[in-house]
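The values are calculated or read from the model by the stated rules, or taken from the named source; none is laboratory data. Nothing here was measured: the structure is a model prediction, and the numbers come from that model. Here the Cβ is made from the backbone with ideal geometry for all residues, glycine too, and neighbour counts use every protein chain on show. We work out accessible area using only protein heavy atoms, side chains counted, and drop any ligands, DNA or RNA first. Shrake-Rupley method; radii C 1.70, N 1.55, O 1.52, S 1.80 Å.
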Amino acid sequence: MPSRKRIIVLDDDASMLTAVGRVLKAYGFEAEVFDTVEAFRKSARIDEASCLILDINLAGHCGIKLRRQLAGEGISIPVIFITAADNLAIKEAALQAGCVAYLQKPFPSRDLITAIEQVA
């Protein structure tokens, strides 16, 4: 059963992982962070999390494609996409992939927490 308090974060930017982890902790959430898709696939406890915060542009990978792969595997965890890209086509693709929120970096902490509270 998912824990309302566990949030998985996948981003290849170490400073973003640290910042998001701190924000989540400050708001009472537990962050399970990963900096590679491989580490995420190997160790993430998706069934115990209430949401996935997923960077779109990952080293060697695309977050949108990963979201689609997860859905194809029957994994229906809510996804909040984060990205530094300011591109309408990417935003539309993210929304079509089924994200619950799309945040452009840098984003206010409150926007992230609001998105999480809508699904957690």
| remark: Out of 91, 105, 42, a Gaussian network model of the chain with alpha-carbon springs under 10 Å gives the largest mean-square fluctuation to 42
| field | Farthest toward positive dipole pole in the chain [+1 Lys/Arg, -1 Asp/Glu at C-beta], among 23, 10, 107 | value | 23
| field | Scaled radius of gyration (Cα, divided by 2.2 N^0.38 Å) that the chain gives | value | 0.95
| query | To the nearest 20 debye, what is the magnitude of the charge dipole of the chain about its Cα centre, counting +1 on the Cβ of each Lys and Arg and -1 on the Cβ of each Asp and Glu? | reply | 200 debye
| remark: Of 80, 46, 64, the most mobile residue in a GNM of the chain (C-alpha springs, cutoff 10 Å) is 46
| task | Report the paramagnetic label zone for residue 109: residues of the range 18-38 whose backbone N is under 20 Å from a point 7 Å from Cα along the Cα-to-Cβ axis. | result | 18-34
| message | Given contacts defined as C-alpha pairs under 8 Å and at least six residues apart, what's the relative contact order of the chain, whole-number percent? | response | 24 percent
| request: Select from the chain the helices, each a whole stretch of DSSP H, whose alpha-carbon atoms run 15 Å or more along the helix axis and whose Kyte-Doolittle mean is at least -1.0; answer none if there are none. | output: 14-26, 109-119
| query | If you roll a 1.4 Å probe over the heavy atoms of the protein chains, what accessible area per residue do you get for the chain, in Å²? | reply | 52 Å²
| task | Kindly identify the range 66-113 as rounded, prolate or oblate by the Cα gyration tensor criterion: order the square roots of the eigenvalues as a ≥ b ≥ c, call it rounded if a/c is under 1.5, otherwise compare a/b with b/c, prolate if a/b is larger, else oblate. | result | oblate
| message | Tell me the carbon and sulfur percent of the accessible area for the chain, rounded to whole percent, probe radius 1.4 Å. | response | 51 percent
| request: Would you work out the charge dipole size for the range 18-89 about its Cα centre, treating the Cβ of every Lys and Arg as +1 and the Cβ of every Asp and Glu as -1, and quote it to the nearest 20 debye? | output: 60 debye
| Once every DSSP H run of n ≥ 4 in the chain is given -39500 (n - 2.57) and the sum is divided by its residues, what mean residue ellipticity at 222 nm do you get, rounded to the nearest 500 deg cm²/dmol? | -12000 deg cm²/dmol
